[in-house]
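**Student:** Please read through the structure below; I'll follow up with questions.
The values are calculated or read from the model by the stated rules, or taken from the named source; none is laboratory data. All values reported here derive from a predicted model rather than from experimental measurement. All Cβ positions, glycine included, derive from the backbone under ideal geometry; neighbour counts span all protein chains shown.
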Amino acid sequence: MIFSMKLNLNNLNKLLLHTFKDEAELLKNLSKLHSNFTSERGKISEYRESIALISAYTMFYLPTNIIKFKWMMYFLQHTINDVAKLENDMADCDFIDLGTGPATYVLAYLDYFSKFQTKNNKIYAIDCSDLMLKQANLCVQSLFPIFKEKVSFGKWKAHELQKIVSSERKKWLFVGHSLDEIGQESVLNYVEKINPKVITFLTPGTSSSFKELMIIGHELRRKRYTMIYPCHFSCLSPPNDHCPLLKQTQEERWCHQVIKGDFSEDVTRLSQLASIDRRYLPFIAHIYVCDSDYETNANANANTIDNKMRGRVVKFIGESKADIQLDVCILKEQKQLVRVQILKRDIRDNLKRVRSILLGDTLTFEIKKVISNDFYRIGVFL
Ligand SMILES: C[S@@+](CC[C@H](N)C(=O)[O-])C[C@H]1O[C@@H](n2cnc3c(N)ncnc32)[C@H](O)[C@@H]1O
């Protein structure tokens, strides 16, 4: 279990704004919520004003979204050399969860950084919905009562937040599944006003979210932010401001992460009843910092060392009797998207480990044979 605070429906049920009279009522609301998030996007704002929909969100999307935080930190660990420094800096920051919902990423942050929570940093949970903030408050009070004094809840716009946060303290702006609802311009306004040291976006793992993230990323790089995950900083710094995945025309590919959903039994059961597949969770995490220290670390880690290459796994192509093939984006200054072939006879003892490589993972490898310009046979370092 990657998430230490195991959320099951029993403990969530006790802290909902709305009491569902039975499972059928919960499922009805969940189905409405799901269609508002997918096929009926025009009705997206409806859930913010309904305690039944907010409660359904809390029952299903809170436990299934929250685990992405730990995975994001796991992927990051394989990217940055001095992870301890980065985590320490992150824990030092005031954490600002923009579009907090039922406090999803405030809870994830408190859980992940609980060993640092003696630090006197502050946490701001921001949402435009009073009802959602009420739900968020209940979740924090019940699940992390000892840290509840740390967390402030509010509807602050960027200029209002600027007045209440300390200009002395470093800040981490976290935008989890809310970029599309809040809008790029408004998010950039928060960046402008509070000048965060770290910025994180988590979105669904779709091609449209990827394109949206590349647009806001371009603006952040113009403001001298550096991406530390999933790209290597210099690939996306002007003038190399390009992503090979954006150039794809024939076969649509986009850079995203996919993790295996590992939930309590009742959450898994709910996802089956609601027909919302959570066995594999595609999502996109983009992390930016405005600190050149990490550039050096990312640089050292991402470039070729001892003939080793590093790349981000962006697509699983397939497995045959003889090989496994993946698409990998090479983490060098001139980014290159390549297809790699791993011969099974070379990984006899490690087949299971290679099969468990996730999209978003870092692959460390050496080239054994250049089959064509963008197709290599490789040996992997596990
Ligand atoms: C899909 S939920 C995401 C909640 C949570 N971050 C998560 O990942 O589970 C989006 C949240 O953004 C909030 N939101 C939408 N527009 C907003 C705005 N302009 N300012 C602040 N919050 C907003 C909604 O009320 C909702 O709670």
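**Student:** Restricting the search to region 150-174, which residues are closer than 27 Å to SER50 by Cα and either part of a helix (DSSP H, G or I) or not assigned by TED's automatic domain parsing to the domain that holds TYR61 (or both)?
**Tutor:** ALA158, GLU160, LEU161
**Student:** Continuing with this model, one more query. Name the residues in region 198-211 that are touching a strand residue (DSSP E or B) at 6+ places or on another chain (Cβ under 7 Å) and assigned to a helix (DSSP H, G or I), would you?
**Tutor:** SER209, PHE210
**Student:** Of the residues VAL140, VAL151, which single one is under 20 Å from ASN13 (Cβ atoms), within 16 Å of the ligand (Cβ to nearest atom) and either of a type in the set (Val, Ile, Thr) or out of contact with any helix residue (DSSP H, G or I) (no Cβ under 9 Å at 6 or more places or on another chain) (or both)?
**Tutor:** Among VAL140, VAL151, only VAL140 is under 20 Å from ASN13 (Cβ atoms), within 16 Å of the ligand (Cβ to nearest atom) and either of a type in the set (Val, Ile, Thr) or out of contact with any helix residue (DSSP H, G or I) (no Cβ under 9 Å at 6 or more places or on another chain) (or both).
**Student:** Could you identify the single residue in THR79, THR118 that is more than 11 Å from the ligand (Cβ to nearest atom) and either touching a residue at least 24 places away in the same chain (Cβ under 8 Å) or under 19 Å from VAL198 (Cα atoms) (or both)?
**Tutor:** After ruling out the rest, the residue left standing is THR79.
**Student:** Filter region 84-103 down to residues that are more than 13 Å from the ligand (Cβ to nearest atom) and small (Gly, Ala, Ser) and give me whichever is nearest to SER152 (Cα to Cα).
**Tutor:** Across region 84-103, the extreme among qualifying residues is ALA91.
**Student:** Same structure again: Given the conditions (1) within 27 Å of TYR225 (Cβ to Cβ); (2) modelled with pLDDT of 85 or more; (3) in contact with a Leu (Cβ under 7 Å, 6 or more places away or on another chain), which single one is not true for TYR294?
**Tutor:** Unmet for TYR294, out of (1) within 27 Å of TYR225 (Cβ to Cβ); (2) modelled with pLDDT of 85 or more; (3) in contact with a Leu (Cβ under 7 Å, 6 or more places away or on another chain): (2).
**Student:** Now, a different point. Test of understanding: among GLY360, GLY318, which residue is under 18 Å from TYR280 (Cβ atoms) and assigned to a loop (DSSP other than H, G, I, E, B)?
**Tutor:** GLY360
**Student:** I would also like to ask the following. Considering only residues of region 156-191 that are over 13 Å from LEU98 (Cα atoms) and in contact with a helix residue (DSSP H, G or I) (Cβ under 7 Å, 6 or more places away or on another chain), which is nearest to the ligand (Cβ to nearest atom)?
**Tutor:** HIS159
**Student:** Just wondering, is there one or more residues in region 212-230 that are in contact (Cβ under 8 Å) with a residue 24 or more places away in the chain, under 23 Å from LYS155 (Cα atoms), in contact with a helix residue (DSSP H, G or I) (Cβ under 6 Å, 6 or more places away or on another chain) and in a helix (DSSP H, G or I)?
**Tutor:** yes
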